[in-house]
């Protein structure tokens, strides 16, 4: 069984509520929107990601025979509920921000319009997919902004939270501007460029380090990146120089070296000198080891001669903010706008659109959140992507989404480009939306 | 394709190194161990979890035709490497701590003994599985320790990092002592008890809250837990009382209510009084909303009349420590012990065993890490679980593992039972292991 596409990847209460809806005949159209309530402390903006996986999930939504039988034998569900589930397909419409779009709190990035039981059932997986990829794209974008064009590679699979997290982190970080990933399956699934070097164990399995380097270079005559910190980094760099000399006659080049521990800037300077003096000016230096955007900023600021960086755990778990304060909330049922007023968790009612206004220099100036009926100036950010349960356009290529993300980052105001963050971006709530909120509150 | 069982759920360098090993005929037996280098700041102990999924992965390890063809068309791999992969099965031995075992830094919890290319290839997924479930079980155990026997329920799927993270967090938290989960698929896959209530949207979809409550109660005559904070918590509690009165004639009971926002202790006291005075002393109060072990400790310390707690995001992402500083390191190749000496990342060499010593009152006193050849007193914690690629015993029932975890928590010294943490637990490194380390360093 592939757990990633199961209809039972949901909370029990979705089925419980479905049963009540079916029994009460509450099949009218509902509108739900997914949005983020607040930015994590160390984020000035977010980057939308995960839409393609949401659309895949909605298109493929159906219960399997085994799932249906299991549900039945739990004794929890009425026959009418099981009958409804058996033939259930997603038949709704979806509007969404394109992946790679920069967005801010209180802005819906996805709107589902479907019969109430359908729109409710899919809440859990939609949140699960959008929360995670948006989280990772937003974190990865910070590294991209400070890397100054130096290639970044995702090395995070081993400490990602499970298989899907590893794959989707590779996807989301590539979308945000990483150059590639070490995760082989992400290369196969999403056509993401693959990068890899060698492990300390490869050195240890050999009786001496120089032989290990030679074996890797012979096996990867164009792509050998040698890990040089297993015992003594600078001593190993000298071994690389000697090896490169002896391999030159066989037309084998050492592509580069990897540093994975200690003071990376200091080692990089010493190793660069050894490589240059040894006739290997073309050999690249890759750095790894508990890197995040702050370490990257420090290393790049120190002008350490590092050519590319591998970023793992901190990015793939979004370590400083491992979740978003996000929600998927009912905004309208049977044509009646509604909202939640729980303490600290109140929402804006109705179906909404977001408009972005730009400054004269082309940078983003502010956004306006308003009702879909109201007019707005600027670019509308939510677009129709699914109608009647079918995608309106085929899945977009990841390289195209990545290009859009790069454009979005280029249009950020300077205050949002630094890690420390400056003035918060302005998101205005329109008068029509204020009016609607008042009307909804008075009607309850 | 089910990504969770793909052989390509690995880092590119594992395949690169495999190719070099195959070409060099380096097929001798390797020993790798998985361990944690340091505890996260807010943890006094860890709880081993994820072994069953590791054993599943190893037993099922094989390349599919589609994967093999894709690897071939990348042009990255030699024919000898592809031929090796085509028939590859895992044929090694595994020793491990049982799931639910409490452990500490520098203690191997899993040891793989297999031909080098096999033992290397499986590194990434083994780390991915053990890091995550151990992380979650260890975090969940903290909530269990402060909950004082009150039931805890996993509500974390929506903000878990993908599908597998949601499922395995449900498993790991149940193992650690949670009462159950809201994740339906985890109920089906792992036979974990399911719990659920209703969402705010269910209230909002109805024109008034009282009707929503009635519809849920009619649909769940024995299991209705009503969410009462959508508009005004205490007003809603009065509606529950009135509803229960009118439903009594139909033999429908309101099982309980859920609080999800505001000052949970204050609301719980007010709601408890309303329910008691309204003739519903048996109705239970469930609290949810950004709970973690610190909130639980505070709420339980305040003697708020809350009967059970739903814990979501903080637990399912291990928010205060979203990864472990863990490693899977080569300890021995072709009978020769080895170790890594990288700055700050040095390891103890050779195949190791961990012995636990207990005090007179039965509580844990200290552990000893030593070589497998050396003798030790106390309970050995690593046991054979797989030989020649096959499990030695069938997968253990999760309820049995859960019982072991409960016993382990009961045996913790008091200093490890508080959230604040006390004296660190003592892990001794034996003289034979010190001697071996010295011998290995002198031989390089």
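The values are calculated or read from the model by the stated rules, or taken from the named source; none is laboratory data. Since this is a predicted model, take the numbers as computed values, not measurements. As a convention, Cβ positions derive from the backbone with ideal geometry for all residues, glycine included, and neighbour counts pool all protein chains shown.
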Within the stretch B:145-167, can you find the residues that are out of contact with any strand residue (DSSP E or B) (no Cβ under 6 Å at 6 or more places or on another chain), buried (at least 24 other Cβ atoms within 10 Å of the Cβ) and touching a residue at least 40 places away in the same chain (Cβ under 8 Å)? B:156, B:158, B:159, B:160, B:161, B:164, B:165
Just to check your reading of the model, which residue among B:66, B:41 is more than 17 Å from the chain's Cα centre (by Cα), exposed (fewer than 15 other Cβ atoms within 10 Å of the Cβ) and at pLDDT below 95? B:41
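Do we have residue A:237 as in contact (Cβ under 8 Å) with a residue 24 or more places away in the chain and within 13 Å of another protein chain (Cβ to nearest Cβ) here?
Spelling it out, it is not the case that residue A:237 is in contact (Cβ under 8 Å) with a residue 24 or more places away in the chain and within 13 Å of another protein chain (Cβ to nearest Cβ).
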Just to be sure, is residue A:295 closer than 19 Å to residue A:147 by Cα and not in a loop (DSSP other than H, G, I, E, B)? yes
Filter result for residue A:233 (at pLDDT 95 or above, more than 17 Å from residue A:280 (Cα to Cα) and more than 32 Å from the chain's Cα centre (by Cα)): no
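Please find, within the stretch A:401-444, the residue that is surrounded by the most Cβ atoms within 10 Å (Cβ to Cβ) out of those that are assigned to a helix (DSSP H, G or I) and touching a helix residue (DSSP H, G or I) at 6+ places or on another chain (Cβ under 8 Å).
A:405
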Looking only at the stretch B:242-270, filter to residues that are in a helix (DSSP H, G or I) and in contact (Cβ under 8 Å) with a residue 40 or more places away in the chain; which one of those is nearest to residue B:303 (Cα to Cα)? B:265
Write out, first by first residue and then by second, each pair whose Cβ atoms fall under 8 Å of each other, whose residues are 6+ apart or on separate chains, and whose first residue, in the stretch A:96-113, is at positive phi while the second is assigned to a loop (DSSP other than H, G, I, E, B). A:100/A:48; A:100/A:49; A:100/A:176; A:106/A:348
Restricting the stretch B:2-20 to residues that are at the interface with chain A (Cβ under 7 Å from one of its Cβ atoms), touching a residue at least 24 places away in the same chain (Cβ under 8 Å) and not in a helix (DSSP H, G or I), the one farthest from residue A:221 (Cα to Cα) turns out to be B:6
Failed condition for residue B:226, given (1) at pLDDT 95 or above; (2) under 23 Å from residue A:117 (Cα atoms); (3) within 11 Å of chain A (Cβ to nearest Cβ); (4) in contact with a strand residue (DSSP E or B) (Cβ under 7 Å, 6 or more places away or on another chain): (3)
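Scan the stretch B:374-393 and tell me whether some residue there is assigned to a helix (DSSP H, G or I), in the same structural domain as residue B:438 (by TED's automatic domain parsing) and either loosely packed, with under 15 Cβ neighbours inside 10 Å or touching a residue at least 12 places away in the same chain (Cβ under 8 Å) (or both).
At the first step, the residues of the stretch B:374-393 found to be assigned to a helix (DSSP H, G or I) are none.
No: zero hits.
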On the basis of being facing chain B (nearest Cβ under 9 Å), closer than 20 Å to residue A:309 by Cβ and either in contact with a strand residue (DSSP E or B) (Cβ under 8 Å, 6 or more places away or on another chain) or surrounded by fewer than 24 Cβ atoms within 10 Å (Cβ to Cβ) (or both), does residue A:215 make the cut? no
How many residues does the stretch A:337-358 hold that are part of a strand (DSSP E or B) and surrounded by fewer than 19 Cβ atoms within 10 Å (Cβ to Cβ)? 2
Applying the selection to the stretch B:393-403, what residues are over 14 Å from the mean Cα position of the chain (by Cα) and at pLDDT 95 or above? B:399, B:400, B:403
Does any residue of the stretch A:154-176 turn out to be at pLDDT 95 or above and more than 28 Å from residue B:132 (Cβ to Cβ)? no
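Just to be sure before I move on: is residue B:184 facing another protein chain (nearest Cβ under 7 Å), under 24 Å from residue A:326 (Cα atoms) and crowded, with 24+ Cβ neighbours inside 10 Å in the structure I sent?
yes
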How many residues does the stretch B:295-336 hold that are more than 29 Å from the chain's Cα centre (by Cα) and surrounded by 21 or more Cβ atoms within 10 Å (Cβ to Cβ)? 1
Which number in (1) within 9 Å of another protein chain (Cβ to nearest Cβ); (2) in contact with a strand residue (DSSP E or B) (Cβ under 9 Å, 6 or more places away or on another chain) marks the one condition that residue B:170 misses? (1)
Does any residue of the stretch A:308-324 turn out to be modelled with pLDDT of 95 or more and away from chain B (no Cβ under 14 Å)? yes
